[in-house]
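Q: What follows is a structure written as structure tokens; I'll ask about it next.
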Amino acid sequence: MTGLDDTAVEVVMSKRSLGVVASLVALSSSACLERRLESVAPCTRSSVTQNVRVQYVDTVDLLFVIDDSGSMEEEQRSLEREIPRLVQVLASGDRDGDGVEDFRPVRSLQVGVVSTDLGAGVPSPRTLGACVHGVGEGGVLRRTAAGCSEDDDGVFSFARGEDATQFVSDVSCVTTLGTTGCGLEQPLEAALRAITPAEATTWTAPGYTPPRFLDPDTGAYSMPGNALGANAGFVREDSVLAVVLVTDEEDCSAADTSIFADDATAAARFGGGDLQLRCTRFADRSANVLHAVERYVDGLVGLRREPGLVVFSAIAGIPSDLLEGASSARGLDYGAILADPRMQYAETGERENFLRDACTTSSGSADPARRVVAAAAGLADRGVAVSLASICASDFGPAIDGVVARIADALNGACLPRDLNPDADGRVDCEVYEVLPGAGTTSSVTECARLGGRTLSSVVEIDGVLRERCLVTQLDRASGLAGTSPGWFYDDASAERAASCGEDGQRIAFTEIARPALGSLVQLECLQTIGRAQENADSACDDSIATCELGMFCEPGAADRCGTGSTSRDGVPIPFVCDEVERLCAAPCTSDADCRSAGLSGHVCDQRTNGEAAGGALEIDPALAGSIRGTCVNPTCN
């Protein structure tokens with residue numbers, strides 16, 4: 001494994017032939033389960049290894065991409081009113097204002113602002129409205145605005161412990177861009193141009209190739225992004241990178257800048273009516289007028305070695321009711337949003353030759369932001385933290401809450417409401433190892449003996465460097481929550497876990513006095529017993545097999561053929577039963593303790609009815625549907 005630096009922690013997750021390894025991600029001082037485990041019936045023996053690199057992160061680089069066209073005055077004011085609370089929450093970690101820290105506060109916050117105006121590209125006889133030749137503001141950070149303090153590089157910075165008054169004033173001021181920008185907005189292209197480096201760096205993803213941008217003099221896409229140029233210093237190596245788009249019109253990130261021309265040729269090609277119709281009429285990628293949305297998905301994901309360190313939020317033309325109840329990216333149904341009739345490009349609105357509104361407010365209306373939603377969907381699929389909000393909302397408080405929540409997720413780790421199987425003391429069948437940096441590195445800790453809650457397990461060689469591998473002590477739930485002993489614990493009860501992972505969430509947490517050393521690899525292995533796959537030709541329990549094994553296929557009503565197998569409970573062979581749901585030889589049980597005493601690591605006793613367990617996905621005899629299942633099952637497979 002390569003690419004580690006002195007701030008990195010790498011979590012290794014594996015699935016071995018004798019056990020399922022639960023996917024866990026360690027971030028900051030804790031790790032939350034990252035993705036839902038899909039049902040597998042029956043569970044198969046396979047071998048998969050996945051490496052995930054994460055970092056201790058307490059810095060945030062927050063980019064606002066703000067529409068500065070003629071319809072955005074009130075929306076800019078709404079955003080300005082929310083900036084002080086945004087800064088206060090990120091600086092304190094107190095999301096709900098109750099004085100209790102809900103997530104790890106930001107140590108250092110940088111804010112930059114760019115407009116959606118990228119100009120009209122290559123010269124043409126005439127251009128539309130405020131869209132002038134060239135690249136407009138070119139994705140360069142705003143240094144100042146009318147009445148604002150001027151900043152030399154457009155990077156507004158705040159550090160924990162400082163007085164935020166001037167910082168809040170400057171950011172609030174510069175986010176009020178005015179309304180004289182180009183009416184064919186390019187928020188996706190502006191965002192990407194602002195934070196793309198000229199070349200792959202230590203903080204970009206492996207294999208990253210930076211996109212190029214329009215040179216208005218030649219018409220070629222040959223210009224580098226601004227991250228290492230005009231906006232140097234804004235994107236830092238060790239930060240959560242958050243991008244917030246604020247626009248009331250559809251993205252018109254143009255690959256063909258003739259869309260901005262105001263002449264007979266352009267009129268014949270693009271048609272008449274409202275300017276925004278040019279973008280929506282030719283939004284289909286086959287037209288080759290607008291850039292494909294994948295350009296922005298790939299471009300943003302590539303800016304971090306881990307996609308979970310990227311946050312994408314949009315306050316755009318989306319009906320508010322489509323977003324109700326969606327507290328996270330996992331709660332958003334992007335397909336349903338894009339399928340809604342109000343999100344379609346329709347030129348049959350109340351005004352002739354105008355696009356039908358996606359939503360309206362007392363101060364204006366907003367076009368359907370289909371490209372923005374599509375980009376959000378693609379980013380969420382790639383592991384980016386995403387939030388969406390309606391620009392038609394009465395205030396931007398909930399929208400900013402969504403931004404804060406996604407940043408908090410990135411700081412504290414992604415979560416999944418999926419339990420492991422803890423015992424009465426809260427321990428789980430997992431082992432945690434920490435591979436320390438090698439001697440001679442920038443880390444000051446290279447020996448297990450110097451860390452609490454560690455014992456030397458072995459010495460391993462990685463990239464030619466010898467490194468100590470430490471076994472980390474697992475604590476019971478009470479000791480872990482108390483935080484007075486060094487080690488790690490399965491956290492399914494703390495308030496911090498609930499704030500980060502949700503009421504039904506859980507995580508692997510390190511006590512504060514046992515945080516992994518900077519530069520470490522943290523390896524989490526959670527073993528579960530796995531039954532044989534019923535599709536295997538030799539897995540049927542029949543007369544040809546003297547002793548049937550756990551997980552073998554069986555016929556209903558022929559439980560005697562399952563025999564007793566080789567598994568015992570307290571030294572006594574267990575007579576297997578034929579599970580009516582999955583038709584596999586299984587160990588009977590009345591409690592989870594029965595499964596543990598049978599040596600079935602990680603199994604639980606399924607005390608649902610057969611009908612509930614089948615859930616409509618598996619066929620069972622209707623006469624047996626109401627009976628209690630009463631067999632030991634692997635929760636990662638059921």
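Q: So, VAL114, is that one touching a residue at least 40 places away in the same chain (Cβ under 8 Å), touching a Lys or Arg at 6+ places or on another chain (Cβ under 7 Å) and within 24 Å of ALA91 (Cβ to Cβ) or not?
A: Spelling it out, VAL114 is indeed touching a residue at least 40 places away in the same chain (Cβ under 8 Å), touching a Lys or Arg at 6+ places or on another chain (Cβ under 7 Å) and within 24 Å of ALA91 (Cβ to Cβ).
Q: Somewhere in the stretch 182-204, is a residue over 19 Å from HIS291 (Cα atoms) and crowded, with 24+ Cβ neighbours inside 10 Å?
A: No.
Q: Conditions: (1) assigned to a loop (DSSP other than H, G, I, E, B); (2) buried (at least 17 other Cβ atoms within 10 Å of the Cβ); (3) of a type in the set (S, T, N, Q). THR209 meets all but one. Number of the miss?
A: It is condition (2) that THR209 fails.
Q: Scan SER443, SER390 and give me the residue that is surrounded by fewer than 21 Cβ atoms within 10 Å (Cβ to Cβ), of a type outside the set (Asp, Glu) and either at pLDDT below 90 or over 30 Å from VAL633 (Cβ atoms) (or both).
A: SER443 is the lone residue from the list that is surrounded by fewer than 21 Cβ atoms within 10 Å (Cβ to Cβ), of a type outside the set (Asp, Glu) and either at pLDDT below 90 or over 30 Å from VAL633 (Cβ atoms) (or both).
Q: Output the residues belonging to the stretch 445-460 that are among the hydroxyl-bearing types (Ser, Thr, Tyr) and either in a strand (DSSP E or B) or under 13 Å from ALA514 (Cβ atoms) (or both).
A: Correct list: THR455, SER457, SER458.
Q: For residues in the stretch 97-134 being polar (S, T, N, Q) and not in a loop (DSSP other than H, G, I, E, B), which is farthest from ASP256 (Cα to Cα)?
A: SER108
Q: So which of GLU137, GLU189 ends up being in a helix (DSSP H, G or I) and touching a strand residue (DSSP E or B) at 6+ places or on another chain (Cβ under 8 Å)?
A: GLU189
Q: Looking only at the stretch 347-366, decide whether some residue is assigned by TED's automatic domain parsing to the domain that holds GLY272, part of a helix (DSSP H, G or I), farther than 18 Å from LEU79 by Cα and at pLDDT 85 or above.
A: no
Q: In the stretch 256-280, what count of residues is obtained for those that are assigned to a loop (DSSP other than H, G, I, E, B) and either over 16 Å from CYS182 (Cα atoms) or of a type outside the set (A, V, I, L, M) (or both)?
A: 7
Q: Identify the residue in the stretch 176-228 that is acidic (Asp, Glu) and touching a residue at least 24 places away in the same chain (Cβ under 8 Å) and, among all such residues, is nearest to ILE259 (Cα to Cα). Steps first, please.
A: Residues of the stretch 176-228 acidic (Asp, Glu): 185, 189, 199, 215, 217.
Pick out the ones that are also touching a residue at least 24 places away in the same chain (Cβ under 8 Å) and you get 185, 189, 199, 217.
Values: GLU185: 12, GLU189: 15, GLU199: 30, ASP217: 17 Å.
So, considering only residues that are acidic (Asp, Glu) and touching a residue at least 24 places away in the same chain (Cβ under 8 Å), the one nearest to ILE259 (Cα to Cα) is GLU185.
Q: Does the stretch 295-309 contain at least one residue that is assigned to a loop (DSSP other than H, G, I, E, B) and more than 22 Å from the chain's Cα centre (by Cα)?
A: No, every residue in the stretch 295-309 fails to be assigned to a loop (DSSP other than H, G, I, E, B) and more than 22 Å from the chain's Cα centre (by Cα).
The values are calculated or read from the model by the stated rules, or taken from the named source; none is laboratory data. From a predicted model like this one, the values you see are computed outputs, not experimental measurements. When we count neighbours, we look across all protein chains shown, and the Cβ atoms used for this are built from the backbone with ideal geometry, even at glycine.
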